[in-house]
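The values are calculated or read from the model by the stated rules, or taken from the named source; none is laboratory data. All figures in this text were calculated on a predicted structure; none of them were measured in a lab. Reconstructed Cβ throughout: ideal geometry from the backbone, glycine too, with neighbour counts over all protein chains shown. The accessibility values were calculated without ligands, DNA or RNA, using every heavy atom of the protein model including side chains. Shrake-Rupley method; radii C 1.70, N 1.55, O 1.52, S 1.80 Å.
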Amino acid sequence: MTTITDPSYVDPALINPRAVRLVEAFKSALARMRDEEGLTFDDLNAATDLLQRIQTATGAPLALVAMPLFSEVFQGGRDGYTPSEDVNSPTYLPGSPHVGNPGTLPMRPDEPGIPLVASGRVVDGHGQPLAGAKLDVYHAANNGDYSGLHDDGVPRHNLRGHLFTDDDGRYAFTTITPVAYADPHVTAVDGVTEAVAALGRSLYRPAHIHYEIHHADLITPWRGEIYFTGDPVIPVDFVGGTLAPPALQADTLTLLHEDPEDIAGHGFQGPYRTMRFDFVLKTRTSPDAIVPKAGPA
């Protein structure tokens, strides 16, 4: 190892021009915010202090804690077709059990919530089925907690599982209907409620189901969250009001089925809901673009 005696020496070979440009652009953006919006150092200090306290309370990486500030910029695949650039969620756990197709996500005998039968297809940009695609599926319980993240006595893979599409690209599984939730570990942090209100957002995230889809023909695995058309929480989502575009919303609101014979035929004890979502995903042989899904009228 070479000893450097000149404190002003910088090895030109180690300089990363892109890193230099990014830092300069970041400083320029801060300067514009200072000059045009009155940004102060106290503002930055208050924001970073709050993020650090949330990180301590949740144990999540700081970059993920800060996602409400930048997720709408970096989370990709917004048309639901192109390869997703969605970051790995801190709520994801590997090794979920195989549940069959149709199957049922593991759940406690007394799992709170209304049963939900979710179904759909996985096809490419030409409408051809992606047979044997692996769908890793999970979502929060009705209290907003994800299993396996806290020492709360809930089974590690509660409401988590994976299944494979059939020859026609179809999938179906039973779970409970997700609900909007506020992370109790985040909302308990002093200052979070005031900060969220100042941004015009809700403390809640809209109801959603996480999917991770793998298939040999996909350019990259697809990762994302599927929401429900008409959910009033979507535009005031805690993480950002544009994270649930029409392309990532189930085609219809979950329909409540109350016919006694229908309920008995599905093996439920009471009313249940259904939802359908078809994934149209870009493969190596798919067209570059498809007609985007229209928003609600």
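Taken over the range 236-250, the criterion of being within 27 Å of K282 (Cα to Cα), open to solvent by 30 Å² or more (accessible area, probe 1.4 Å) and assigned to a helix (DSSP H, G or I) is satisfied by P246 alone.
Name the single residue that is farthest from G224 (Cα to Cα) among those in the range 156-167 being part of a loop (DSSP other than H, G, I, E, B) and open to solvent by 70 Å² or more (accessible area, probe 1.4 Å). Going through the qualifying residues, I end up with D167. For I226, the stated conditions hold: it is in a strand (DSSP E or B) and touching a helix residue (DSSP H, G or I) at 6+ places or on another chain (Cβ under 7 Å).
When the range 26-66 is limited to residues that are hydroxyl-bearing (S, T, Y) and either at positive phi or in a helix (DSSP H, G or I) (or both), the one that is most open to solvent (accessible area, probe 1.4 Å) turns out to be T56. The listed residues are Y146, Y171, Y138, and the only one of them that is closer than 18 Å to H215 by Cα and surrounded by 20 or more Cβ atoms within 10 Å (Cβ to Cβ) turns out to be Y171. Tell me, yes or no, whether the range 152-161 has at least one residue that is without any contact (Cβ under 8 Å) to a residue 60 or more places away in the chain, more than 18 Å from A244 (Cα to Cα) and acidic (D, E). Yes, there is a match, as at least one residue in the range 152-161 is without any contact (Cβ under 8 Å) to a residue 60 or more places away in the chain, more than 18 Å from A244 (Cα to Cα) and acidic (D, E). Inspection of the range 215-222 identifies at least one residue that is buried (at least 17 other Cβ atoms within 10 Å of the Cβ) and either without any contact (Cβ under 8 Å) to a residue 60 or more places away in the chain or within 27 Å of P115 (Cα to Cα) (or both). Quick one: S96 ticks every box in (1) modelled with pLDDT of 95 or more; (2) open to solvent by 40 Å² or more (accessible area, probe 1.4 Å); (3) closer than 30 Å to H266 by Cβ bar one, so which box is it? The failed condition is (2). Among the residues of the range 189-223, those that are within 20 Å of the chain's Cα centre (by Cα), under 20 Å from A60 (Cβ atoms) and assigned to a loop (DSSP other than H, G, I, E, B) comprise R201, S202, L203, Y204, P206, H208. Assessment of the range 192-204 against the conditions (modelled with pLDDT under 95 and more than 30 Å from T48 (Cβ to Cβ)) yields no matching residue.
Considering each residue of the range 251-269 in turn, at least one proves to be open to solvent by less than 40 Å² (accessible area, probe 1.4 Å), over 21 Å from G161 (Cβ atoms) and free of Cβ contacts under 8 Å to residues at least 24 places away in the same chain.
Is it the case, given these coordinates, that V117 is closer than 28 Å to S71 by Cβ and of a type in the set (A, V, I, L, M)?
Working: closer than 28 Å to S71 by Cβ: no; of a type in the set (A, V, I, L, M): yes.
So V117 fails the test.
Scanning the range 174-211 for residues that are open to solvent by 60 Å² or more (accessible area, probe 1.4 Å) and acidic (D, E) yields a total of 2. Screening V186, V123, V137 for residues that are within 30 Å of T48 (Cβ to Cβ) and either in contact with a Phe, Trp or Tyr (Cβ under 9 Å, 6 or more places away or on another chain) or not in a loop (DSSP other than H, G, I, E, B) (or both) leaves exactly one candidate, V186.
For Y227, which of the numbered conditions (1) free of Cβ contacts under 8 Å to residues at least 40 places away in the same chain; (2) within 21 Å of G161 (Cβ to Cβ); (3) surrounded by fewer than 20 Cβ atoms within 10 Å (Cβ to Cβ) fails to hold? Every listed condition holds for Y227 apart from (3).
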